[in-house]
Structure formats: C-alpha cells, structure tokens
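Some notes on the structure that comes next.
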Amino acid sequence: MSNKPFAESCEQNKQPILQVLKKAFSEPGKVLEVGSGTGQHAVFFAQQMEHLQWFPTDIEEALPGIQLWIKEAGNERIKAPVVLDVNIEIWPFRNMDYAYTANTVHIVSWSEVKSMFRGVSQALKSGGIFCQYGPINYNGQYTSPSNEHFDQWLKNRDPDSGIRDFEDLVLLAKENNMILYTDFEMPANNHILAWQKR
C-alpha cells in the first residue's frame, strides 16, 4: 500500500472542475499545471480528458507524492512532475495550449501571484487558456460569510496570503497580455477564472 498524499478538497471539487475544463480545454493540447499539490487533479483530469497531455509542477517537497499518484495511474499522457518555483524569471515551458492552477492564488503572496501570471503568460502560446480555480472577491466584497472566515484564517496564518480581488486579477492579467475568457461560478463559493492569452 502506497502512502500517497490525499487532499479531501481535491476529491470534493474534481467533478465540478472537470465539467468546466472540458469546455475550456476542448481541443487536443498540452496542459501546464502550476502547483499540482498531491497530484490527484493531474491524474483524474488526464484520465477523463484523453485529448490532453498533462504537465504537473510544484515545489520540490511535493514531487515525491505527485510521483506516487502518477506511477499508480500508469498513464503516459501524464508527464513526470517538474520542480517549478513561480518566482524564477524564465519558466522551462513554452508553447503550452493550456495552463491550470487550483487553490494557489489565495495561498501564496501577491508578489508570487504576479510572478505566476507572468510565467503562465510566457508559457502559453497565443490564444492559450489559463484556468484558475479558487475563492475570489468582487468589488472588495466576500461572496459568502464562509469565505470571509477563510480569508481571516489565511491572513492569521500568513499575512501575505488571502482571497484576491477579481478587479486586481483582471489588471494583472492585462499587464501579462491575457484577457478574461469566462468567469465560471463553482460550488462552495469558488470560481474558475479562465484567461486567454492574446
């Protein structure tokens, strides 16, 4: 029995996210996943969408866990995970059709969010789609009391983290040559913001 890492949230949100990704990532192509975490999403989405090749990335400590999931899946369309620090100037990916990240933007600092958008824009080809999943604020307002409590918990743990404002993300995307493609409302007060590289 392998000691694969397991995140309950990945199990709970994978089906709703899949329904959106099937629309956003409808053509055959390569997906860069930023912050693959346990590896659960990489394995599930690659199994469900046979037209995609999945490229998982994360910080070095996370890679052994991701590798356990990938090894068990035995799916050659899921590539070996790569160490990726979002802060590096030049990302080791180019001409990707798609990019995906889940529950990262509110966990990392704003400077790292800026680095992520810059790196994703570098990695995507023109017309490529970046899907970003997680809680979002609109006009500086929480979308639910539970999100407000969650944000307070995040900031107590790390003052640089927190739920980001939609308007700030739109500006950041624009600075990195990306525009809002669609805003998908998701269960449990989450959203998927889909950005398209110009």
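The values are calculated or read from the model by the stated rules, or taken from the named source; none is laboratory data. Keep in mind the model is a prediction, meaning the values are calculated, not measured. Cβ coordinates were reconstructed from backbone atoms using ideal geometry, including for glycine residues, and neighbour counts include every protein chain displayed.
Of the residues that sit in region 31-79 and are among the β-branched types (Val, Ile, Thr) and under 13 Å from residue 99 (Cα atoms), which one is nearest to the chain's Cα centre (by Cα)? Filtering first and then ranking leaves 34. If you filter region 84-96 down to residues that are out of contact with any strand residue (DSSP E or B) (no Cβ under 7 Å at 6 or more places or on another chain) and among the hydrophobic types (A, V, I, L, M, F, W, C), you find that the one that is farthest from residue 29 (Cα to Cα) is 88. Taking region 163-198 as the range and being crowded, with 20+ Cβ neighbours inside 10 Å and small (Gly, Ala, Ser) as the test, the residues that pass are 173, 194. Can residue 182 be described as over 14 Å from the mean Cα position of the chain (by Cα), modelled with pLDDT of 95 or more and among the β-branched types (Val, Ile, Thr)? Here the answer is yes, as residue 182 does meet what is asked. In region 9-30, the qualifying residues are those that are of a type in the set (Lys, Arg) and in a helix (DSSP H, G or I), and the one that is nearest to residue 102 (Cα to Cα) is 14.
Restricting attention to region 71-95, the residues that are buried (at least 22 other Cβ atoms within 10 Å of the Cβ) and either hydrophobic (A, V, I, L, M, F, W, C) or more than 21 Å from residue 14 (Cα to Cα) (or both) total 4. For residues that are loosely packed, with under 14 Cβ neighbours inside 10 Å and not hydrophobic (A, V, I, L, M, F, W, C), tally how many sit in region 145-154. Counting residues in region 145-154 that are loosely packed, with under 14 Cβ neighbours inside 10 Å and not hydrophobic (A, V, I, L, M, F, W, C) gives 4. Exactly one residue out of 73, 99 is out of contact with any strand residue (DSSP E or B) (no Cβ under 8 Å at 6 or more places or on another chain) and among the small types (Gly, Ala, Ser), and it is 73. Does region 12-33 contain at least one residue that is at pLDDT below 95, farther than 30 Å from residue 127 by Cβ and surrounded by fewer than 16 Cβ atoms within 10 Å (Cβ to Cβ)? Taking every residue of region 12-33 in turn, at least one turns out to be at pLDDT below 95, farther than 30 Å from residue 127 by Cβ and surrounded by fewer than 16 Cβ atoms within 10 Å (Cβ to Cβ). The selection criterion, being touching a residue at least 12 places away in the same chain (Cβ under 8 Å) and more than 16 Å from residue 103 (Cα to Cα), does not hold for residue 189.
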